[in-house]
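Novice: Mind looking over this structure? Questions follow.
The values are calculated or read from the model by the stated rules, or taken from the named source; none is laboratory data. Computed from a predicted structure; not experimentally measured. Cβ atoms come from the backbone with ideal geometry, glycine included; neighbour counts cover every protein chain shown. Quick note on the areas: whole protein, heavy atoms, side chains included, nothing else; ligands and nucleic acids left out. Shrake-Rupley method; radii C 1.70, N 1.55, O 1.52, S 1.80 Å.
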Amino acid sequence: MMAAQKLVSLAQSAYGQGNYAEAITQARAALKLQPLDQTALALLANSAMQLQDGALAVQALSRLHALRPQDTAIARSLSRALNRRGHQSADVDDIVPAVADWRAALELWPDNVDAAFNLASRAAGLVDDTEAIVLLRRVLQQHPDDLPALRLLLTCLRDVGDLEAARGLLRQQPDSQLCSSGWRALSLSIADQSLAEQYMAHAHGAGEWTASAQSALATLATLQRDIDAKAVVTVLNQSQIIGQHSPTLRIALADCLSLPAVHASTESISSARLRFEQGLSRLTATFDAQRLRQCAPGLAQLNWSNFLLAYQGEDDRDLQSRYGDWLHMAAGSLRPDLAEPPARRRPGPPRIGLLSGHWYRSTAGSYFASWIDALNRDDWDTQVFALGPRFDAYTDQLAARSQKFFRLDDDIDAAADHVCAADLDLLIYPELGMDTRLLPLAALRLARQQWMAWGHPVSSGLPRMDAFLSCAAMEPEGADVHYRERLLRLPGLGTRYDLPEAPSLRSRAELGLPGGALVVVPQSLFKVHPDNDTIVHKLLDARADAHLLLFCGESRLEARIVRERLERRLGKRLAGNILWHPMVSRERFLQILASADLMLDSLHWSGGNTTLDALRAGLPIVTTPSRFMRGRQSAAMLQALGCASSVATDPAALAALAVERLGSEAAPRPRADEVEAYAMDDAPLRALVALAQQAVAGVV
């Protein structure tokens, strides 16, 4: 007893001197002799919190709480420690245990607003809108001026359809806040006519109509991922003030072409496509050449991409071509000086350009970085154009590997002038369609020849896009008819791809995942077409011990639509075997893949980068080729790696194959060296250079 007390005194002295590590050492020693010494436990907990050691603080405070369960101060300290540990876990992508800590923190102390906000804001997919609304109201009761909590609450109220409650909150906010850039899209998506007029009147009265209102309307393009932007357009069109002004191209594009990111059924896809087709007809009829000449010159008005159209599983060539013809005419009307390349070519070697908005650490940036290396030839003038503002250390690496590397501002008119001035013989867009700013540039004639690649594998529909670079093994027979561009086929993977480091192995418990059979569908939710639901149903019905893991992004609305769709198709019991996991870092993603038993590929839009990650993690894959290249990438990879038995003939066979392979030792896994050799093959790059040589032959 005396020895334990002496150690406690030493711990107290060390703590008082700020030597928290020594205090922990002495407190631990005291607890070995006297495990229930509350002073030692308190010193251990406080020292751990000072050193940001959330795990140790929770451990010590849990022991104290067990000894004094009625002590409110200890319960609150433990709640704070749990919240801190959850925050630390979430920062390293351990989101499942983080959620458990935040829930435990709130059970101990319901008014822990930090834990409430963390749970509401950082656990998309694991916390639904209804629970988030309760949590956020709790936060705002104590902190009415907490703007992040207010903004998230408004978003959740909007998504569940409680617009009256959202509008009531909005009306309590000052005009200046509603008009700030961070609130424009949100306030417009919730507003009724009176609020829209209030906003527009403020912008107009402040003499900011052009800058402020145009910027607000520009946010409509981003709303297509969260809500039906047509509702916003209706509000704005009803406003008396906006009625005094000619509708802008931006609002017309949002009104006519907005698409939902995910769908409740195949019927909703048909309805969305019909609305899109009708809107496209309305857009092209309204904004003809004469009307466009009345618009202010500037390509940014045309920033739009039909990105979501390609995830509906249909043939998009006709719709893309109709839009491409209009966009070509519109871009040429706004910038007639760039509608044609210079008539005379400047002397010099062949000049080749690569233009992307993804020359940073990203899927597209990693996929096509080797093209920079391949096209860097002594007898060519190769120039890489990176459309800002996003640059990182990977951008610097790519710049160091390039002959000429240009970081372009976010001003696409200036970017168009810069690229045009390069007098290129060939300009390649690796991922046209992913960045809305690139489509207006590609609609012009910025180079004598213009090619695109499969970074977004769907035809651009543009009349001035000369060729589409694809992977021969991933294209079906007769694939030329899927593209308006001339189809050029590359061997193998189509590129040389640096695989990520093999993941460190972590247990399911460490990752917050259940035991038993675990199947992963690693795609973003907008790639999970309703046709996949039947396969999921057959798999989970046949394997009662199986769990299916889906990843969801920041949008709770997308997760809710897909969750409810699956519940209708599967029933509550089977739907309960679906795990919803927030997006994580690539390192953690690879660890999850390595811990799973099977990757179930998605129909219509197969894995590309995700399939390579699964192969890197040693995870067996089952897939079936769909109609278009975008649904055939996994199948081509598996066949190239000698795993043709993992490729089912059709969706019905895919479900049976998934049941058969789940947990089977017979499931083929390519060796790591085989996957590496496939990804690092130089044949695609040699073929790319040969095609480019043919394209620029004779230009001197």
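Novice: Would you work out which of 626, 120, 324 lies farthest towards the positive end of the dipole of the chain? Charges go on Cβ: Lys and Arg +1, Asp and Glu -1.
Specialist: With unit charges placed on the Cβ atoms, the residue in question is 120.
Novice: At residue 322 and residue 393, where each label point lies 7 Å from the Cα along Cα→Cβ, what is the point-to-point distance in nanometres?
Specialist: Roughly 4.9 nm, to one decimal.
Novice: In addition: Mind checking the stretch 616-678 for GluC sites (Glu not before Pro) that DSSP puts in a loop (not H, G, I, E or B) and that have at most 14 other Cβ atoms within 10 Å?
Specialist: 665
Novice: Additional query: Going toward the positive end of the dipole of the chain, with +1 on Lys and Arg Cβ and -1 on Asp and Glu Cβ, which of 25, 582, 552 do you reach last?
Specialist: It is 25.
Novice: Residues in the stretch 88-107, backbone N under 13 Å from the label point at residue 134 (7 Å along the Cα-to-beta-carbon vector): list them, ranges by number please.
Specialist: Residues 103, 106-107 fall inside that zone.
Novice: Placing +1 at every Lys and Arg Cβ and -1 at every Asp and Glu Cβ, with all other atoms neutral, what dipole size does the chain have around its Cα centre, in debye to the nearest 20?
Specialist: Rounded to the nearest 20 debye, it is 420 debye.
Novice: Counting Lys and Arg as +1 and Asp and Glu as -1, what is the net charge of the other residues whose Cβ lies under 11 Å from the Cβ of residue 31?
Specialist: That sum, taken over residues with Cβ under 11 Å, equals +2.
Novice: Quick check on the chain: helices-only [θ] at 222 nm, where DSSP H runs of length 4 and up contribute -39,500 (n - 2.57) each and the sum goes over total residues. Nearest 500, please.
Specialist: Computed mean residue ellipticity for the chain: -15500 deg cm²/dmol.
Novice: GluC sites (Glu not before Pro), restricted to the stretch 385-489: which are DSSP loop and have at most 12 other Cβ atoms within 10 Å?
Specialist: Loop-located and lightly packed - 477.
Novice: Still on this model: Rg/Rh for the stretch 344-418 to two decimals, with Rh computed the Kirkwood way over all alpha-carbon pairs.
Specialist: With Rh from the inverse mean 1/r over Cα pairs, Rg/Rh is 0.98.
Novice: Could you state the accessible area per residue of the chain in Å², with a 1.4 Å probe and every protein chain left in place?
Specialist: Per-residue value: 40 Å².
Novice: When the Karplus curve 6.51 cos²θ - 1.76 cosθ + 1.60 is applied with θ = phi - 60°, which whole-Hz ³J(HN,Hα) does each residue of the stretch 402-408 get, with x for Gly and Pro?
Specialist: So the Karplus estimates, Gly and Pro as x, are 9, 4, 9, 9, 10, 8, 9 Hz.
Novice: For the stretch 578-700, I need the span (max minus min coordinate) of the C-alpha atoms along each principal axis, in Å, sorted largest to smallest.
Specialist: 60, 32, 28
Novice: List the lysines whose Cα sits under 21 Å from the Cα of residue 527, skipping any in the same chain fewer than 8 residues away.
Specialist: 538
Novice: Tell me, what % of the accessible area of the chain is carbon and sulfur with a 1.4 angstrom probe?
Specialist: Solvent-exposed carbon and sulfur of the chain make up 50 percent of the total.
Novice: What lysines could a cross-link reach from residue 32, if we take a straight Cα to Cα line under 19 Å and drop same-chain neighbours fewer than 8 places away?
Specialist: Cα-Cα hits under 19 Å: 6.
Novice: Now for a separate question. At residue 264 and residue 315, where each label point lies 7 Å from the Cα along Cα→Cβ, what is the point-to-point distance in nanometres?
Specialist: Once both label points are built, they end up 3.0 nm from each other.
Novice: Oh, and also: What does the charge count around residue 543 come to, taking other residues whose C-beta lies under 12 Å from its C-beta (Lys +1, Arg +1, Asp -1, Glu -1)?
Specialist: That works out to -2.
Novice: Over the chain, what is the mean sequence separation of C-alpha contacts under 8 Å (at least six apart), divided by residue count, expressed as relative contact order in percent?
Specialist: With pairs under 8 Å counted, the relative contact order is 10 percent.
Novice: If the viscosity is 1.306 mPa s and the temperature 10 °C, what Stokes-Einstein diffusion coefficient in µm²/s follows for the stretch 474-585 when Rh is the Kirkwood radius over Cα pairs?
Specialist: My calculation gives 93 µm²/s for D.
Novice: Pull out the extension gain between residue 163 and residue 509, defined as 0.36 nm times the separation in residues minus the alpha carbon to alpha carbon distance; nm, one decimal.
Specialist: 120.5 nm
Novice: So how compact is the stretch 40-89: Cα radius of gyration and Dmax in angstrom?
Specialist: 9.7, 28
Novice: Taking the Cβ of residue 75 as the centre, find all other residues whose Cβ is under 11 Å away and add up their charges (Lys, Arg: +1; Asp, Glu: -1).
Specialist: Neighbourhood net charge equals +1.
Novice: Continuing with the same structure: Students often check this: by mean Cβ neighbours within 10 Å, which of 492-499, 620-627, 12-19 ranks highest, and how do the rest follow?
Specialist: With the highest mean Cβ count within 10 Å placed first, the list reads 620-627, 492-499, 12-19.
Novice: Return the FRET efficiency for the residue pair residue 672, residue 693: r is the Cβ-Cβ distance, R0 is 45 Å, and the value is rounded to the nearest 0.05.
Specialist: 0.85
Novice: Once amide H atoms are built 1.01 Å from N in the peptide plane, which residues 5 or more positions from residue 449, or in another chain, come under 5 Å H to H?
Specialist: So residue 449 has HN proximity to 426, 427.
Novice: Please list 3J(HN,Hα) in residue order for the stretch 506-514, calculated via the Karplus relation 6.51 cos²θ - 1.76 cosθ + 1.60 where θ = phi - 60°; whole Hz, with x for glycine and proline.
Specialist: For the stretch 506-514, the Karplus curve yields 10, 6, 4, 4, 5, 8, x, 10, x Hz.
Novice: Right, next: Give the distance, in whole Å, between the Cα centre of the stretch 625-687 and the Cα centre of the stretch 356-390.
Specialist: Distance between centres, Cα-based: 28 Å.
Novice: For the stretch 399-530, what percent of Cα pairs sit more than 20 Å apart?
Specialist: Above the 20 Å cut-off, the stretch 399-530 has 62 percent of its Cα pairs.
Novice: Which three extents, in angstrom, do the Cα atoms of the stretch 294-377 have along their principal axes, listed largest first?
Specialist: 42, 39, 23
Novice: Name the long-range amide H neighbours of residue 354: under 5 Å, sequence gap of 5 or more, or other chain; modelled H, no Pro or chain starts.
Specialist: For residue 354, the qualifying residues are 383, 384, 385, 428.
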